[in-house]
Each structure stands twice: as structure tokens, then as C-alpha cells.
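Worksheet for the structure shown next.
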Amino acid sequence: MAIVTTAAEVEQLFASRGEAERTFTQWQRRKPHVAERVMRHVSATPYTLRPDFFHTFDFGHPLKRITSTAAYKQVKIRDWFPDFAMVHLFHFLLEEKGTLFSYEEFRQFCTVDEAGNSFWQQAQNKIGELVKREGQDGDATRDAMAWRVGNGYYSFLRELYLVATLRESGLDARIHPLADALFRVDAWSGRATIEMFVANPHFKEGSGGRKKTPAYYLEDQQSFQFVRMQMKPQHGFGVLHLPTTEEVSRCVFDLQNTQA
């Protein structure tokens with residue numbers, strides 16, 4: 001029998017009470033059109049992927065030669081949040097295709113899918129606003145948006161890879177865009193959440209950073225354990241940086257300790 005994770009299961013697990021329930025209810029009220037599609041989503045394809053797929057697949061070169069230093073100067077791109085989160089769209093396409101997809105396939109998806117097209121249009125509107133109304137450099141602004149989307153794509157692939165490697169190690173690792181976008185849960189196993197990130201002082205590093213963590217939404221329920229998997233920064237363009245064997249092994253160890 002195929003393994004699947006539904007949005008209803010995610011809601012029942014994470015959003016039954018406390019801050020997570022309040023966040024979930026507010027999200028449904030603020031973005032009903034987004035919530036309606038996300039709540040229909042069923043994650044199945046992530047559980048069919050093998051870790052070795054990621055070492056041979058041609059993902060493309062979403063970041064080109066853009067540098068993080070230049071991209072992060074565009075704060076209003078860095079802190080921009082469209083209606084549909086990128087991770088929503090990545091999951092939608094993953095299930096539609098039934099396997100891994102390239103960055104170019106994602107770009108094509110955004111021309112034909114309703115949610116993808118909405119995201120693409122909002123991105124273009126944001127670029128136009130910054131260039132025309134605020135006098136920002138056009139090339140720099142477009143590069144910052146490309147960096148934001150390309151980085152999101154790479155982050156999504158790392159999450160899929162982690163789930164695949166954890167499942168290969170015998171852990172029932174799960175993933176769903178509702179948990180990811182709303183509660184910052186990149187993956188989970190049982191009642192242990194996983195927060196995976198590359199050390200970056202702009203966003204997350206150690207116990208700091210500006211991004212909220214799964215604990216922010218779930219700690220008040222006093223029934224979850226929180227595993228933080230920090231990856232060391234890697235360098236090189238056009239390469240998908242995956243967690244190392246050592247980093248994955250440490251995550252497996254931490255998860256096993258929560259379930260002991």
C-alpha cells in the first residue's frame with residue numbers, strides 16, 4: 001500500500017490547540033483560496049524517492065552567477081511573501097509529475113498552473129514596484145528575485161533528500177507543505193519535528209536568526225520534541241548542496257533519542 005500524508009493528518013497532528021491552532025485558523029481566514037488547495041494536497045511522491053536519485057538528476061542552474069551578498073541587499077525581495085508559498089508550488093508540481101523536477105520545469109509549471117501563475121505574476125509585480133516606484137536597479141532586483149526562488153528550490157530538494165535518507169535508515173519521516181509553510185516543520189518523525197537549515201546569520205544560525213522555529217508554534221502543546229539540523233555552508237555555483245553523511249547521521253541519532 002502506498003504511503004501518503006494528507007493535510008487533514010497534518011492539521012490533526014500539529015494544529016489541534018494552542019498557537020498552532022490559532023495560526024492555522026487565521027491562515028484559513030486570511031487566505032481561503034490558498035488554504036483550499038493546500039488542504040486538498042496529498043504527499044505521496046516524497047516517499048518513493050531514493051537518495052541516489054539526487055546525485056544523478058539534472059536540476060539545472062537556478063542561481064546562475066548571482067551572489068548572496070548582492071541578493072540580500074534587496075531586503076524587500078528577501079522579505080517578500082506571496083500568497084502561495086514557493087514550497088506549496090514545489091509540492092504541487094512534485095505530485096503532478098510523480099518524480100523530481102528541474103528548475104526549468106518549475107518555471108514552465110508557473111505558466112500553466114493557476115497557483116503558479118499567480119505566484120509568477122506577484123513576483124513580476126514586486127519587481128516592477130521596486131524598479132518603477134522606488135528606482136531600484138532592474139538587473140539587481142531581478143537577480144534578487146531569481147536568488148530567492150532558486151534558493152527556495154534548492155532548500156526544497158534538500159528537504160526531500162533528508163526525508164529519503166531518513167526513511168532509508170528505518171525512520172518513518174514525513175513531509176507536507178502545510179507543515180512546512182505554516183509551522184516551519186521541514187519534516188517530522190512521530191512527534192519529533194525536524195528543522196533543517198544552512199547556517200546563515202540573516203536567517204538562522206545556532207539558536208539565533210530572524211526566522212521562527214517549529215517550537216514557536218508547537219512548544220506550548222508540550223508533546224513535541226524539536227530536532228535542529230544545521231548544515232555547514234558550502235560553496236560553488238550550479239551545484240545542489242546536500243547534507244553530509246555526518247550531518248544526516250547526527251539527525252538520525254537525535255531522532256532515535258526522542259523516540260527511545
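Laboratory data are not the source of any read-out in this text; all were calculated from the coordinates shown. Being a predicted model, the structure only gives us computed values, none of them experimental. Here Cβ is always computed from backbone atoms with ideal geometry, including for glycine, and neighbour counts include all displayed protein chains.
Once all Cα-Cα distances of the range 16-92 are split into 5 Å bins that start at 0, what whole-number percent is in each one?
Histogram of Cα-Cα distances, whole percents per bin: 3, 10, 12, 16, 17, 15, 16, 10, 2, 0.
Convex hull over the alpha-carbon atoms of the range 5-258: what's its volume per residue in Å³?
Spread over its residues, the Cα hull of the range 5-258 gives 126 Å³ apiece.
Which peptide among 18-29, 131-142, 169-180 comes first, and what is the full order, when sorted by highest mean count of other Cβ atoms within 10 Å?
Highest to lowest by the protection proxy: 169-180, 18-29, 131-142.
Looking at 94, 48, 106, which one has the Cα that reaches farthest to the positive end of the dipole of the range 5-258 (charges on Cβ: Lys, Arg +1; Asp, Glu -1)?
Of the candidates, 106 comes out farthest on the positive side.
Quick check on the range 119-206: take the gyration tensor over C-alpha atoms, sort the square-rooted eigenvalues as a ≥ b ≥ c, and tell me if it's rounded (a/c under 1.5), prolate or oblate.
Cα axes put the range 119-206 in the prolate bin.
At q = 0.17, 0.19 Å⁻¹, what base-10 log of I(q)/I(0) does the Debye formula yield for the range 3-142 when every alpha carbon is treated as an equal point scatterer in vacuo?
-1.15, -1.26
Angle check, please: helix 245-258 long axis (alpha carbons) against the longest principal axis of the chain (alpha carbons), in degrees 0 to 90, nearest 10.
For 245-258 against the chain, the angle is about 50 degrees.
Please report the antiparallel percentage of DSSP beta bridges with both residues in the chain, rounded to the nearest 5.
Around 55 percent antiparallel, to the nearest 5.
222 nm [θ] for the chain, helices only, -39500 (n - 2.57) per DSSP H run of 4+, per residue, to 500?
Taken over the chain, the calculation gives -15500 deg cm²/dmol.
Specify the angular offset, from 0 to 90 degrees and rounded to the nearest 10, of the alpha carbon long axis of helix 103-112 from the longest principal axis of the alpha carbons in the chain.
Approximately 80 degrees, to the nearest 10.
How big is the charge dipole of the range 5-258 about its Cα centre, in debye rounded to the nearest 20, if each Lys and Arg gets +1 on its Cβ and each Asp and Glu gets -1 on its Cβ?
Dipole about the Cα centre, nearest 20: 660 debye.
Counting Lys +1, Arg +1, Asp -1, Glu -1, what net charge surrounds residue 121 among other residues with beta carbon under 14 Å of its beta carbon?
-2
If the cut-off is a Cα-Cα distance under 14 Å, which aspartates and glutamates reach residue 73, setting aside same-chain residues fewer than 8 apart in sequence?
137, 139, 143
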